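These notes are about the structure you will find just below.
The values are calculated or read from the model by the stated rules, or taken from the named source; none is laboratory data. Note that the coordinates shown come from a computational prediction; the quantities given were computed from them, not determined experimentally. No Cβ is skipped: glycine too gets one built from the backbone with ideal geometry, and neighbour counts run over all protein chains shown. Ligands, DNA and RNA are stripped out before the accessible areas are found, and what is left, the full protein with its side chains, is counted by its heavy atoms. Shrake-Rupley method; radii C 1.70, N 1.55, O 1.52, S 1.80 Å.
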Amino acid sequence: MASAEAPAARPILYSYWRSSCSHRVRIALNLKGIDYEYRAVNLLKGEQSDPEFMKLNPMKFVPALVDGDAVIGDSYAIALYLEDKYPQRPLLPQDLKKKALNIQIASIVCSGIQPLHNLTLVRFIEQKVGTGESIPWVQQQIDRGFTAVENMIKGCAGKFAMGDEVQLADVFLAPQIFAAVTRYQTDMSNYPTLARLHGQYMTHPAFEAALPDRQPDAPSSG
Amino acid sequence: MAAMKPVLYSAAISSCSYRVRIALSLKGVEYEYRAVEWNDTDYEKINPIKYVPALQDGDILVSDSLAIILYLEDKYPQHLLLPQDLKRKALNLQIASIVCSSIQPLQCYAVIGLIKGKLGPDESLQIVHHYIDKGFRAIEKLLEGCDSKFATGDEVQLADVFLAPQIHAGVTRFDIDMSKYPHLERFYKAYMEIPAFQAARPENQPDAPSPPQ
C-alpha cells in the first residue's frame, strides 16, 4: 500500500543523564522546541567504547547528534549546528560584542573548566599525584573559570547571563553551575551573579526538562 | 582619521595565540602585536580575566581564541574559515573543539604540573602523549577517506587553523611521532609552506624565546 511521504525523522541525541556536555545540548534542543529521540549511552558500563558508538564519535564522548545524514560529536559543534539548522529561538545575538561574549563564556566552560575535571584526569591525579589531590584541583579550576565569568557578567542587570533572553552563555553555564553545586561542593556565595542565574535556570521549563535526574536513563529514585 | 589597527595581546609560545595569529594573517588583517608575559600585572588592567590571547578591536575586547576567530569571521569576512555547508561547518567546529577542549588544556595541565613539581617529567609527558594521541586518532577517524589538500577541503579552514599549532607543539615540544597520523602529517607539511602560517610561527614573533645555546 502506498504510504504518504514519511515525515522527517526526529534528530537522535546520544546522551548520558549525568554528562554535563550532554546536558548543554538537551537545554538547546528544549529551548528551540526540537522534538528528539533520546538514546542513552551508559558511560559507567563503557558503552562509549562500543564500535557502533565510536563510529558516531571517535572521541568516545557524549553527546553525539544524528540529524538526517549529519553526524556530529561535541556539544559546541552541535549547539552551533542547531543554531543554523533550527533558527527559531536564536541563541546568539547579531551584535558582535554580545555574540563574542557568549562564545567566550561557552569556551571558558567547555575548554577551561569541564575538561579539567574529566574522570580520566581526576583518576590520574588521584593515582599519580596523591589521594585527595583531585578535589582541590577541581575546585581550583571551577573557581578560576567562575571568577572570570562573574567578572564578565556582573554588570548585567537582566534575568539571564546576557540580559532578559536566554542565550548560548546560559546553555553552557547552567550545567556547569549545576555540577559545581551538586557534585563539587562549590560555595556559590563567591559568585553572586552565577548563584542568581542558577536559581533562574532551576525554574525555567526548558532547563528543568534537561536536568540529569529527568532523563530516561537516570537511576529511578526510591 | 584612519581606523586604529586591532591590537593582539599574545605570547609567542602560546598555542592559543598562534591560532589567532594564523587567522589574522589569512584574512590579511594588519594588527599591532603586544607581547604579554607570565604574571603581567599591567595586562590585568587591560583584561581583568587575564587570558591570552585577547584582541582589542575598537571598543571591543575579545578573549579566547575561538571567540576571537569567530568574531574575525564576522567582522572581516575575507578568506572565510567556515563553509556554508552545515555538515562541513560542524566538522570544522568539532575538530577545533577536540584541539581546544580535549587536547590543549590537558597538555597545559601536564606542563604546569611539571613546573610546579606536582608531576615528574615522565608523568607529565605521559599525560601529554595520552591526550594528543587520543585527539589525533579521533581526528584521523573523522577524516578517514579524506583526500583533499587540507582537513575539510582544498582551502584552509577553521580546523586547519586549530590543527597547525597543536601539531607544531606536538612535534617541537613533545616528541610526537606524526607518522602515526598520516592525514595530519600531510596537512602539517602543507601548512608549513603557507606564508600566513609561517608568519604566525612562535619563532617569528617579537617575543620569541631565544634558541638554546
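Beyond 24 Å, what share of the Cα-Cα pairs of segment A:1-102 remains, rounded to the nearest whole percent?
Working: 1510 of 5151 pairs.
Result: 29 percent of Cα pairs exceed 24 Å.
Mind telling me which of A:LEU91, A:LEU13, A:LEU119 comes out most flexible in a GNM of chain A, alpha-carbon contacts under 10 Å?
Comparing A:LEU91, A:LEU13, A:LEU119 in the GNM, the peak value goes to A:LEU119.
Taking every pair of alpha-carbon atoms in segment A:46-126, give the share separated by more than 21 Å as a whole percent. Present the calculation step by step, with values, prior to reporting the outcome.
Working: 1429 of 3240 pairs.
Roughly 44 percent, once rounded to a whole number.
From the phi of every residue in segment B:43-59, what ³J(HN,Hα) in whole Hz does the Karplus formula 6.51 cos²θ - 1.76 cosθ + 1.60 yield, where θ is phi - 60° and glycine or proline is x?
So the Karplus estimates, Gly and Pro as x, are 5, 4, 5, 7, 10, x, 8, 6, 7, 10, x, 9, 10, 9, 10, x, 8 Hz.
In debye to the nearest 20, how big a dipole does the protein assembly as shown give about its Cα centre with +1 on each Lys and Arg Cβ and -1 on each Asp and Glu Cβ?
Numbers: 44 positive and 50 negative charges, 85 e Å.
The dipole of the protein assembly as shown has a size of about 420 debye.
Give me Rg over Rh for segment B:1-89, both radii from the alpha carbons and Rh done the Kirkwood way, two decimal places. Kindly include the intermediate steps, with their values, before the conclusion.
Values: Rg = 13.5 Å, Rh = 13.7 Å.
That ratio is 0.99, to two decimals.
Equivalent ellipsoid semi-axes for the protein assembly as shown, as square roots of 5 times the alpha carbon gyration tensor eigenvalues: give them largest first, rounded to whole Å.
Working: eigenvalues 196, 133, 122 Å².
Ellipsoid half-lengths, sorted descending, are 31, 26, 25 Å.
Take the Cα gyration tensor of segment B:89-213, multiply each eigenvalue by 5, square-root it, and list the three semi-axes largest first, rounded to whole angstrom.
On the way: eigenvalues 123, 70, 31 Å².
Working from the Cα gyration tensor, I get semi-axes of 25, 19, 12 Å.
Using amide H atoms built 1.01 Å from N in the peptide plane, name the residues 5+ places from B:LYS149, or on other chains, whose amide H lies under 5 Å from its own.
Excluding prolines and chain starts, which carry no amide H, the hits are B:ASP154.
Nearest 500 deg cm²/dmol is fine: what mean residue ellipticity at 222 nm does chain B get from its DSSP H runs of n ≥ 4 alone, each adding -39,500 (n - 2.57), divided by its residue count? Please report the intermediate quantities before stating the final value.
Numbers: 9 runs with 107 residues, N = 213.
Computed ellipticity for chain B at 222 nm equals -15500 deg cm²/dmol.
So what J values fall out for segment A:62-69 if you push phi through Karplus, 6.51 cos²θ - 1.76 cosθ + 1.60 with θ = phi - 60°, rounded to Hz, Gly and Pro as x?
Result, rounded to whole Hz: 9, x, 9, 10, 10, 10, x, 9.
How large is the charge dipole for segment B:110-213, taken about the Cα centre, if only the Cβ atoms of Lys, Arg (+1) and Asp, Glu (-1) carry charge, to the nearest 20 debye? It would help to have the intermediate numbers written out before the result.
Details: 11 positive and 15 negative charges, 58 e Å.
About 280 debye.
If a/c stays under 1.5 just call it rounded; otherwise compare a/b with b/c (prolate if a/b is bigger, oblate if not). Do that for chain B, with a ≥ b ≥ c from the square roots of the Cα gyration tensor eigenvalues. Mind dumping the intermediate values first?
Numbers: a/c = 1.71, a/b = 1.08, b/c = 1.59.
It is oblate, given that a/c is not under 1.5 and a/b is not larger than b/c.
Hey, what's the Cα Rg ratio for chain A versus the globular rule of thumb, 2.2 N^0.38 Å? It would help to have the intermediate numbers written out before the result.
Details: Rg = 18.0 Å, N = 222, 2.2 N^0.38 = 17.1 Å.
With N residues counted in chain A, Rg over 2.2 N^0.38 Å equals 1.05.
Helix-only mean residue ellipticity at 222 nm, chain A, DSSP H runs n ≥ 4 weighted -39,500 (n - 2.57), per residue, nearest 500. What is it?
Details: 9 runs with 97 residues, N = 222.
For chain A, the value works out to -13000 deg cm²/dmol.
Protein chains only, probe 1.4 Å: how do A:ARG196, A:ARG144, A:ARG26 rank by accessible area, largest first?
Working: A:ARG196 95, A:ARG144 140, A:ARG26 0 Å².
My answer, sorted largest first, is A:ARG144, A:ARG196, A:ARG26.
In debye, nearest 20, what is the charge dipole magnitude of chain A about its Cα centre with +1 on Lys and Arg Cβ and -1 on Asp and Glu Cβ, if you could check?
Working: 22 positive and 23 negative charges, 76 e Å.
That gives a dipole near 360 debye.
What trypsin sites (Lys or Arg not before Pro) does segment B:108-213 have in DSSP loop regions with at most 11 other beta carbons within 10 Å?
Numbers: sites: B:LYS116, B:LYS118, B:LYS134, B:ARG137, B:LYS141, B:LYS149, B:ARG173, B:LYS180, B:ARG186, B:LYS189; in loops: B:LYS116, B:LYS118, B:LYS149.
Answer in residue order: B:LYS116.
Chymotrypsin sites (Phe, Trp or Tyr not before Pro) within segment A:147-193: which are DSSP loop residues with at most 15 other Cβ atoms inside 10 Å?
Numbers: sites: A:PHE160, A:PHE172, A:PHE178, A:TYR184; in loops: A:PHE160, A:TYR184.
In loop regions of segment A:147-193 (DSSP not H, G, I, E or B), the sparsely surrounded chymotrypsin sites (Phe, Trp or Tyr not before Pro) are A:TYR184.
I want to check a number: in segment B:104-213, how many lysine pairs have alpha carbons closer than 17 Å, given a sequence separation of 8 or more or different chains?
Value for segment B:104-213: 5.
Sort segment B:161-213 into rounded, prolate or oblate with this rule: let a ≥ b ≥ c be the square roots of the eigenvalues of the Cα gyration tensor; rounded if a/c is under 1.5, and if a/c is not under 1.5, prolate when a/b is larger than b/c, oblate otherwise. Each step should come with its number before you reach the end.
Working: a/c = 2.59, a/b = 1.37, b/c = 1.88.
Oblate.
Set Lys and Arg Cβ to +1 and Asp and Glu Cβ to -1, take the dipole of segment A:139-180 about its Cα centre, and tell me which of A:PRO175, A:ALA157, A:GLN140 lies farthest positive.
Highest projection toward the positive end goes to A:GLN140.
Stokes-Einstein at 25 °C, 0.890 mPa s, Kirkwood radius from Cα pairs: D for segment A:96-208 in µm² s⁻¹?
The Stokes-Einstein estimate is 169 µm²/s.
Considering only C-alpha atoms, what is the centroid distance from segment A:128-184 to segment B:28-56, in Å?
23
Report the longest stretch of chain B that contains none of the GluC sites (Glu not before Pro) sitting in a DSSP loop with at most 16 other Cβ atoms within 10 Å. Provide the component values of the computation, followed by the final result.
Numbers: sites that count: B:GLU30, B:GLU37, B:GLU144, B:GLU155, B:GLU193.
That gives B:38-143 as the longest site-free run.
Probe 1.4 Å, all protein chains in place: accessible area of B:SER65 in Å², nearest 10?
Near enough 10 Å² of accessible area.
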